[in-house]
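Readers should treat all values here as calculations from the given coordinates under stated rules, not as data from a laboratory. A quick note: this is a predicted structure, and the numbers were derived from the prediction, not measured. Neighbour counts run over all protein chains shown; Cβ positions are idealised from the backbone, glycine included.
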Amino acid sequence: MSTAGIHDLELATTHHVLDMADLAAARGVDPNKYLVGIGQSRMSVPAPDEDVVTMAATAASRLLERHGTEDLRALLVATETGVDQSKAVATFVHGMLGLPSSVRSVELKQACYGGTAALQMALGIVAREPSARVLVISTDVARYALGTPGEPTQGAAAVAMLVTAEPALLAIEPVSGLATIDVDDFWRPNDSTTAVVDGALSMGAYQNSLTAAWDDFAARGGAPIEQIDRFVHHQPFTKMARKAHMTLARHTGVRLSGAQMESGLAYNRELGNSYTASLYVALASLLDAEDDLAGKRVGLFSYGSGSVGEFFTGIVGEDYLAVRRPEADRAVIEDRVPVGVEEYMALHRRVLSSEEDAETPRVTRAPFRFAGIQGRARRYEATGR
Ligand code: CAA
């Protein structure tokens, strides 16, 4: 049986952070609606010189500092916040990291599910060539129009994962449950910088996808639910993961405890929705929070509106504690610089047109920045940090 999986991972987020209590006050909403009802405390807000490319390159550079580029055969970047209709985010990142030309680079998209598609593709590459290593990056900025119900469920993050044949963190088990259901619950038209969503429909579609994916998983001989020790679910907002957990318990008729998914909520509560990255932010949160997970089975539910869902499982490595770096992850979250609502709204409204050359102000403290537009192309540079 293949034991390929996630060998190590690294988080990145934005320079700024907005407190949900401040947003609630500005919108005339009871703060507990956001803090308790939706389950979000803060959300990441990109600086003018940050985007999905800079977050992806930042997370990946920290990962490769530890693991090098030897035998790296592919760089797969999942995002639903692509910066170009043709050139892959992966190709920008490949150049920024100075990777060998023998690394294939591609971008994958299916809403928030893209990261899991990239992970499965990486597992396929490693199964065919066990000495190969694959860098998978999920990176997104969740953006809804100002003043809409989706606004408190914005956020941003990237997770870079190294997929290998002998993973230290999580060996992915071979059975997956899949559910593709064509539904217009959430999408982003080509001429829009913000998502369009039917909130109630999207929550129902998420739960239908979960039960359908679970049924497929069970029919294909996946682990019985009683043998799954922890759960991480895609988290557009943390309350959604609680709803997913209850739906799974109801659907299977098996009593599941809240404690089986609680540790996976902490980071998402701080970062907000990060679309493709959100499930893997939750995995990082779980692995950082608990120190007795060696050999335990984790169930993961990945959901991408539109829609594709996948339920799969992984076994936590015996030496996972030697690889995890919880202090570094917490520093990524704690080092963000607070913004007020006015500044957040100004940043939200700032969209550069590719028609005009522009330089961005130097704000980010990350190792890479988006320098601006020149000759209709996006320019990135290292900051030397
Ligand atoms: N104190 C405590 N709780 C309160 C409260 C208060 N004062 N006021 C309201 N609440 C609770 C409500 O009871 C509700 O909780 P329950 O769902 O458990 O009943 C919760 O706060 C939210 O209240 P509303 O339903 O009234 O909120 P809303 O209609 O304004 O918006 C939303 C909620 C539809 C999720 C909206 O934020 C949205 O559209 N978000 C974007 C879409 C989304 O994330 N969908 C999730 C599935 S799709 C997906 O997963 C893909 C993806 O990443 C986008």
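Worth a mention:
- Working note: Debye formula, equal point scatterers on the alpha-carbon atoms of the chain, no solvent; log10 I(q)/I(0) at q = 0.06, 0.10, 0.12 Å⁻¹ is -0.20, -0.58, -0.86.
- Label-point gap, in nm, between ALA223 and VAL254 - each point 7 angstrom along Cα→Cβ: 1.0 nm
- When only Cα pairs below 8 angstrom with a gap of at least 6 residues are kept, the chain shows a relative contact order of 24 percent.
- Calculated mean residue ellipticity at 222 nm for the chain: -10000 deg cm²/dmol, from DSSP H runs with n ≥ 4 weighted as -39500 (n - 2.57), summed, divided by the residue count and rounded to 500.
- Pairwise centroid distance, computed over Cα atoms, of segment 281-309 with segment 1-49, Å: 17 Å
- Loop-resident trypsin sites (Lys or Arg not before Pro) (DSSP state other than H, G, I, E or B) in segment 255-334 with no more than 13 further Cβ atoms inside 10 Å of their Cβ: ARG255.
- Length gained when the stretch SER354-SER102 is fully extended (0.36 nm per residue, less Cα-Cα span): 87.7 nm
- Residue order, fewest to most surrounding Cβ atoms within 10 angstrom, among GLU343, GLU356: GLU356, GLU343
- The alpha-carbon positions of segment 141-289 define a convex hull whose volume is 132 Å³ per residue.
- Packing, taken as the mean count of other beta carbons within 10 Å per residue, orders the peptides 286-293, 376-383 from highest to lowest as 286-293, 376-383.
- Packing rank of 67-80, 17-30, 134-147, where each peptide gets the mean count of other beta carbons within 10 Å, highest leading: 134-147, 67-80, 17-30
- Cα-based reach from LYS33 at 23 Å (exclusive), listing lysines while leaving out same-chain residues under 8 positions away: LYS239, LYS243
- Extension gain, ASP319 back to HIS67 (0.36 nm per residue minus Cα-Cα distance, nm): 89.1 nm
- The calculated pair-distance distribution of segment 307-381 uses every alpha carbon pair, bins of 10 angstrom beginning at 0, and gives 13, 25, 25, 25, 12, 0 percent.
- Point-to-point label distance, ASP182-ASP291, nm (Cα→Cβ direction, 7 Å offset): 5.3 nm
- Segment 173-320: relative contact order as a whole-number percent, Cα under 8 Å and 6+ apart: 34 percent
- Candidate lysines for bridging to LYS87, where Cα separation is under 25 Å - those fewer than 8 sequence places away on the same chain excluded: LYS109
- Ranked GLU166, GLU270, criterion: other C-beta atoms within 10 Å, fewest first: GLU166, GLU270
- Working from label points 7 Å from Cα in the Cα-to-Cβ sense, the THR193 to ARG128 distance is 3.9 nm.
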